[in-house]
1. Does anyone have the angle between helix B:341-350 and the longest principal axis of chain B? Alpha-carbon axes, 0 to 90°, nearest 10?
2. Once every Cα of the range B:1-158 carries one equal point scatterer and solvent is ignored, give the base-10 log of I(q)/I(0) from the Debye formula at q = 0.11, 0.17, 0.21 Å⁻¹, two decimals.
3. Under 8 Å for C-alpha pairs, at least 6 residues apart: give me the relative contact order for the range B:485-649, rounded to a whole percent.
4. Where the eigenvalues come from the Cα gyration tensor of the range A:1-119, what are the semi-axes √(5λ) of the equivalent ellipsoid, largest first, in whole Å?
5. Taking the Cα centre of chain B as origin, sum charge times position over the Cβ atoms of Lys and Arg (+1) and Asp and Glu (-1), and report the length of that vector in debye to the nearest 20.
6. Computed over the Cα atoms of the range B:207-396, what is the convex hull's projected area averaged over all directions, in nm²?
7. Just how large is the dipole of chain A about the Cα centre, in debye to the nearest 20, putting +1 at every Lys and Arg Cβ and -1 at every Asp and Glu Cβ?
8. Order of B:201-208, B:647-654 by packing, highest average Cβ count within 10 Å first?
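Read-outs: derived from the displayed coordinates by stated rules, not from any lab. Computed from a prediction, not measured in an experiment: that's the story for all the values here. Positions of Cβ are backbone-derived with ideal geometry, glycine not excepted, and every protein chain shown enters the neighbour counts.
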Amino acid sequence: MDTVAAVDPERLQQEALAAVAAASTLAELDEARVQYLGRRSALKLALRDVRDRETGMTLNAVREAVEAAFAAREEDLRRAELEERLATERVDVTLPAGLVGQRKLRPRGTLHPSTLVRREVEDIFLGLGYEIVDGREVETTRYNFDALGFPEWHPARSPRDTLYLGDETVLRTETSPAQIHKMESQRPPIYMVSIGRVYRRDDITATRYPIFHQFEGLAIDDGITMADLKGTLLYVMRELYGPEREVRFRTHYFPFTEPSMEPDVSCFNCGGAGCAICKHSGWIEMGGSGIVDPYLYEFVGWGLEEYSGFAFGMGVERTAQLRYGIGDIRAFWENDLRFLRQFR
Amino acid sequence: MKVPLSWLREYVRVDATTAEIAEALSVGSAEVEGVARVGVQGEPGLFRVGHVVEAAKHPDADRLQLTSVDVGEDRPYSIVCGAWNFGAGAKVAVALPGATLPDGLVLERRKLRGKVSEGMILAEDELDLGGDHSGIIVLDDALEPGTPLADVLPLADEVLDLEPTGNRPDLFSVYGVAREVAALLGGELLPMPGSDPQQDGDEAVGIGIDDPEGCLRFIGRLLRDVTVGEAPLWLKGRLRRSGVRAISNVVDVTNYVMLALGSPLHAYDLDLLHGGLVARRARKGEKVRTLDGVERTLSAEDLVIADGERAVGLAGIMGGEETEVSSGTQSVLLEAANFEPVGILRSSERHSLRTEGSNRWEKGVDPYVAGQAATYATQLLVELSGARWTGAEDVQAELPKPAVIRLRPERASELIGLEVAAEEQSEILGRLGFKELKSGFRVPTWRARDVTREVDLIEEVARFKLADIPFTLPRREAMFGRLSRDQRLRRQVEDVLVGAGYGEVYTPTFVADGDLRLPEPLSAEAAALRAVLYASLLDPARRNADAGAGDVALFEIARTYHDVGGELPEEHWHVAGVADGGFAEAKWAVEQVYAALGIEPGYERTSEPFLHPGKAARTAEGWLGELHPAVLDGTWSAFELDLDALAEAAPQVVAFAEVSPYPEVRQDLAFVVDEDVPAAEVLAAIREAAGGLLRELEVFDEYRGEQIGEGKRSLAFRAAFGSLEGTLTDEDVAPVRASIVDALATRFDAVLRA
Ligand SMILES: [Zn+2]
């Protein structure tokens, strides 16, 4: 018998699709599959024997359509069977954990290294009589830039550097907006550390990640001086990196401080002799600092010389990197338990 | 900003080593990224002026010359050379065997095609003075053979890599850095380089300012009989070491003066201009093809330099290709100018075009330095291209007048926290170019943008005293260091979950999709702010499991973001966890959290598309359950709670009840109830029925079996009864027990098991 002539492609396809639709269990579907796509099925036999190109193409198109229908139906049925099975597995969710199934005896978990550092920083400043402020992460450009004295042309205002959510809302680029909110809510004395996630538009590399954590201190009171800033940073750096550490200032520029300085801490690895960690300078850059620019007082409506204050900012991840010797900043976000479980 | 030390020391006499200069700058002025040694590193005595005594084709190589060179020794040296731009009689630069070239190659005596070569006749690229390798360096005929080459060419140098902050445009010039070094280290600053040569003619230049906001000053100078060629090696060498490519003597002079004085210049081929030049805003849609060959369509905000017919350059950023100086140029119009920074910055952003020029303009260049830049460039063009200077014009809008600022020396000492004598403050400011007047200090023009207030003057004083500032702590009158309640609660939850076996993770704030989309996402996966945390934990859970980690249980405490229609989204702290294992895992973790916070949670069955339909519960503060296998392959559980809501629910004070001195009566009660009656409801009903004597109550067993019946289960409770009045007997408890049994029978058809 001529296997090719025996097949009416259009009708075969209709029949097969109808059989697929009719199968209500995986077993029925398998039966239909043998019938329409099995080795001895009319379609397969015809495909084996077909000689002319046009008929071959037609038959192949039928085969593809039927196979696709089987696959889709199988997925549906599997999902339905899964749902059916799940529906039979019911627990009384109000029972205590001990009565609703097996539970593992797990070894103690660990805190993330950034949390360890965050807590340590918080505790150091709590000891110095500072309060810890979280602040919000989505801020208006008014608080993130205007209030902090960022000029209109400052590159940080560009969407190339900063993540905008709306025309005038951004993911904070530093935790300083929390300081402005604090200044608006109360008069000095203010001693606070804002700490949390900040955002910059950076590519992910070993040294940069678009999200990181900052801690920023602000002290505003009567007669605060650069010496107070230097002494505070010395205390904090010694708490973090050891009692032998020294601190020095290098002049710098930040929109919200004047004078502005970058604090360096003497290298804890080589003691100042020079090594790879301190890039052979004996000093490690820690962040930014300075005397609060009177512009901020003007912004919140205080007199320009009623108070004086200092501010500084540093990175939590960078601190953790230095503390634990972590080379690649991506490790903080990869969440590999083999890494995380070492921080006890 | 790369600063060759040999150049710097031309402008400042100072008794300090390079390292001392770098250190002083990095502390007092701007970050020093490094100091590079460039050029010849080894023994300089092996580099000499040579006199070519004989030169002929190498007998066995068509492309090589065989030369005999007098290098000041008792015999001529035989050197094989591949260049042909010289012959016998030329003075050349020679490196002898043993010399180390800047690229590290150590020369040796060796045979080239059978002939001994004792050294090398050098091309400029081999000395790292230029990029040219088409021929060797031909030196001045007047030089004596054997003269150290270092006397003739800048063989070696050190280059400071300086990173000035945006407020110090003056440090983007060698002279500006020299001024700073002189002030920091007490050196002598020499006058600015450049003096006008004799003017030879008085042609009109024809320049104008059409937009005085964008262009404050426009100087034009005409130079005739220009011979365009290569700049001398000393100049090319300095450009190269400053990171600027040499192009031709005319263009190189404009770049050299920009690096020296900080004011960018441009040279036009005068014969290609149609009439004079004007600084104006572009016409919308106007086009200009810049020197990089890109045709740029201008916007009405772009400032251009235009001749009578068209724009011939993007002002301050890049000149136009059509009027570029080329080898055939004979007449040059030299432009020195001053452009307003923000406009240049915006244009440079708009056209994604950053140049040495735009980089300086956008920070604010001193308009007063333009005149000296024009002078110095004119001098060099006359000297180096044989030009005649035939015309000059200097058009100025109103230049800013230098500010005079009052300084209270005691205020400075007060803010610095260090007593700095008034005289010393004056002296520091004087060294920096601030002029002391009766009414205060007059700010030098090159610092006008940065120094506008007294506190800015104080910074100038302070940066010279940074090392002397003592270490003190604020003298506080009030102390208030304590974590807020929310912060303490977060720490508590962290600790509870760690104790329950969960490891803390930090996952990104961003997800692929959500209500709060970033208009310019970081990537397809980081396009919106997340409203839930658990979804971010799925990937780390899967990856850790795939990596073979056992006991995978992860948690995170972070913010979630919720669009509520206001200007800013609401931010809620959440805690979420994902753990391998079934429903009991999540239940246990959530119970621990609630117990730690002293909250009595109510659990209710719930359904979520990502949760197992029969193993999902919610509380007032969140949800927990087994994950749907389609969400994460295998058996996993998860939970997510709103920490702000938990803080709200957590009692602020402990409600404590007196402990009875009398023993309690403990009784177990088991009831058979319908399968779908939740244990929690039965518990609540027992509590309600039991009244005041009930001290403790818990469910301790669930049982199904044949004797219980299909669709039913038995729940066993343990109750403790007690009283502050006296010891209870079973008889005292019997009525309570009876009312419990009654109540459960009525409400749930519950039957007490014997
Ligand atoms: Zn070191």
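1. 70
2. For the range B:1-158 at q = 0.11, 0.17, 0.21 Å⁻¹, log10 I(q)/I(0) is -0.50, -0.96, -1.33.
3. Relative CO of the range B:485-649 lands at 21 percent.
4. Largest first, the range A:1-119 gives 53, 21, 11 Å.
5. I would put it at about 1600 debye.
6. So the Cα hull casts an average projection of 9.1 nm².
7. 1460
8. B:201-208, B:647-654
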